[in-house]
Every structure is written in C-alpha cells, then in structure tokens.
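Chemist: What follows is a single structure, and I will ask about it in a moment.
The values are calculated or read from the model by the stated rules, or taken from the named source; none is laboratory data. Since the model is a prediction, treat every value here as computed from it, not as a measurement. Cβ: placed from backbone, ideal geometry, glycine included. Neighbour counts: every protein chain shown. Note: accessible area is taken over every heavy atom of the protein model, side chains too, but ligands, DNA and RNA are not part of it. Shrake-Rupley method; radii C 1.70, N 1.55, O 1.52, S 1.80 Å.
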Amino acid sequence: MQRRLILPLIVFLLGALALAAAAIITFSPTRQNQTGTASVGGPFSLTTPDGKTLTDKELRGAPFLVFFGFTHCPDICPTKLFEISEMLRAAGPKGEKLRALFISVDPARDTPETLKSYLGSFDPRIVGLTGDQAAIDATVKAYRAYAKKVPLKDGDYTMDHTALVYLMGKDGSFIGAFNSERPPAEAAAEWLRHL
C-alpha cells in the first residue's frame with residue numbers, strides 16, 4: 001500500500017520542483033530590469049528619411065513612442081500614424097520635444113526616400129527609420145516585437161507585425177504599451193506626464 005503512494009508522491013514532488021525551476025528562470029533579474037518591468041527596448045542605430053543615422057541615445061531627454069510597421073500596410077499603420085499625429089497636435093507647444101518613431105519592418109521596400117514620401121502626410125515629429133535587415137531584426141528583437149514576411153498569391157508579399165505602440169521614458173526605458181485609440185487630448189496628456 002505504501003509503495004503505491006510513494007510513486008505518485010515522488011512524481012508530484014518532481015513536477016513541483018520543475019515548476020519552481022521554470023518560475024525562477026522566467027522571473028529572474030536577467031529577464032527584467034531594475035524596476036521590475038519587462039526588459040523592452042535597447043540600443044539601435046537606424047537611418048532617417050534624410051539619410052542620417054539616428055540612435056536611441058539621441059532620443060534621451062524626452063519620452064518617445066515606437067511603432068513598427070511598413071509603408072505598404074493597408075490599414076493599421078496609417079491609422080496608428082494618424083492617431084499619433086492627432087496626439088502630437090493636441091499636445092500643442094508643450095509637445096515640442098515629443099517624438100514618435102515609425103520603424104519599418106520591410107527595409108527591402110522602405111528606403112529612406114520611400115519613408116520620406118509616406119510620412120509627408122503625418123506630423124513631422126514622427127520619424128521614419130529603416131536600415132539593413134540585420135539592424136531591423138536586432139531592433140525588433142530588442143523591443144520584443146514580431147515581424148514576418150508573408151507571401152501573397154500574385155508573387156508579392158505583405159508583412160505581419162506587432163501593432164503595439166511602445167511608450168519609452170526620457171531615459172529610454174520601457175514605460176508600457178500606449179493606447180493611441182482614445183481621444184487625442186487624453187492620450188497627449190498621458191504622454192506629456194512623462195516629460
């Protein structure tokens with residue numbers, strides 16, 4: 001009778017140990033920053049529509065938004081960029097230092113010239129960024145975002161990508177996901193709170 005109880009007890013204890021080990025690995029300090037939030041963001045060096053290099057260090061001093069997308073995006077990207085433009089407009093003079101980054105996940109088609117033309121319809125404080133595939137992949141990974149090329153039937157392709165807007169602090173640290181779908185004045189007020 002005792003032998004039949006010992007085996008399930010040993011299996012249970014091994015399972016509990018495995019669960020504890022998984023929790024320790026998942027929530028270890030190397031997976032989070034000092035504030036306890038997920039480690040999102042990091043160094044990047046990408047190209048602006050003017051052909052200049054922009055690094056994460058140059059954005060320090062003011063909170064900024066990051067959005068991943070591509071110029072051939074049919075609806076999500078232009079909608080988000082419009083929402084961000086409206087927030088920047090609603091911020092008024094107080095929002096002079098605010099910036100939003102539109103980082104292309106399709107560098108093969110999104111050259112600096114293409115980004116310049118595409119972003120001409122939006123607020124000039126939205127900075128388009130592109131680069132070689134390795135630099136884009138590294139930035140996507142640093143932000144724990146997702147981007148994947150999806151072939152279409154006609155030989156063309158589209159891009160699946162994260163549609164999250166990231167709010168980054170003036171020190172470049174991740175504050176949280178930013179809701180750009182609320183009234184522009186409300187969203188702008190939250191953004192300005194982090195100045």
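Chemist: Go through the range 167-192 and give me each residue that's in contact with a Gly (Cβ under 7 Å, 6 or more places away or on another chain) and either open to solvent by 50 Å² or more (accessible area, probe 1.4 Å) or not small (Gly, Ala, Ser) (or both).
Modeler: Within the range 167-192, Leu167, Met168, Lys170, Phe174, Ile175, Leu192 qualify.
Chemist: Taking the conditions exactly as written (over 20 Å from Thr71 (Cα atoms) and at pLDDT 95 or above), does Ala135 satisfy them or not?
Modeler: Criteria not met by Ala135.
Chemist: Same structure, new question: Pull up the range 77-125, narrow it to residues that are open to solvent by 10 Å² or more (accessible area, probe 1.4 Å) and among the β-branched types (Val, Ile, Thr), then point me to the one that is nearest to Lys57 (Cα to Cα).
Modeler: The extreme case among them is Thr111.
Chemist: Given the residues Leu195, Leu167, Leu98, which is the only one that is touching a strand residue (DSSP E or B) at 6+ places or on another chain (Cβ under 9 Å), of a type in the set (A, V, I, L, M, F, W, C) and more than 15 Å from Gly41 (Cα to Cα)?
Modeler: Step by step, each of Leu195, Leu167, Leu98 is checked, and only Leu98 is touching a strand residue (DSSP E or B) at 6+ places or on another chain (Cβ under 9 Å), of a type in the set (A, V, I, L, M, F, W, C) and more than 15 Å from Gly41 (Cα to Cα).
Chemist: Sticking with this structure for a sec: Is one or more of the residues making up the range 47-59 out of contact with any Lys or Arg (no Cβ under 7 Å at 6 or more places or on another chain), surrounded by 20 or more Cβ atoms within 10 Å (Cβ to Cβ) and part of a strand (DSSP E or B)?
Modeler: Yes - at least one qualifying residue is present in the range 47-59.
Chemist: Ok, one more. In the range 131-144, which residues are open to solvent by less than 20 Å² (accessible area, probe 1.4 Å) and within 26 Å of Ala188 (Cα to Cα)?
Modeler: Passing the criteria: Thr139, Val140, Tyr143.
Chemist: Under the condition of being outside any loop (DSSP other than H, G, I, E, B) and within 23 Å of Ser45 (Cβ to Cβ), which residue from the range 170-183 is nearest to the chain's Cα centre (by Cα)?
Modeler: Selected residue: Phe174.
Chemist: While we're here: Restricting to the range 78-100, what's the tally of residues that are in contact with a helix residue (DSSP H, G or I) (Cβ under 8 Å, 6 or more places away or on another chain) and closer than 21 Å to Ala177 by Cα?
Modeler: Qualifying residue count for the region: 12.
Chemist: Kindly indicate whether Val140 is of a type in the set (Val, Ile, Thr), within 16 Å of Lys80 (Cβ to Cβ) and in contact (Cβ under 8 Å) with a residue 24 or more places away in the chain.
Modeler: Considered against the rule, which asks whether it is of a type in the set (Val, Ile, Thr), within 16 Å of Lys80 (Cβ to Cβ) and in contact (Cβ under 8 Å) with a residue 24 or more places away in the chain, Val140 comes out as no.
Chemist: If you don't mind, another one. How many of the residues in the range 151-166 are open to solvent by less than 50 Å² (accessible area, probe 1.4 Å) and either farther than 24 Å from Val140 by Cβ or of a type outside the set (Val, Ile, Thr) (or both)?
Modeler: Selection size over the range 151-166: 5.
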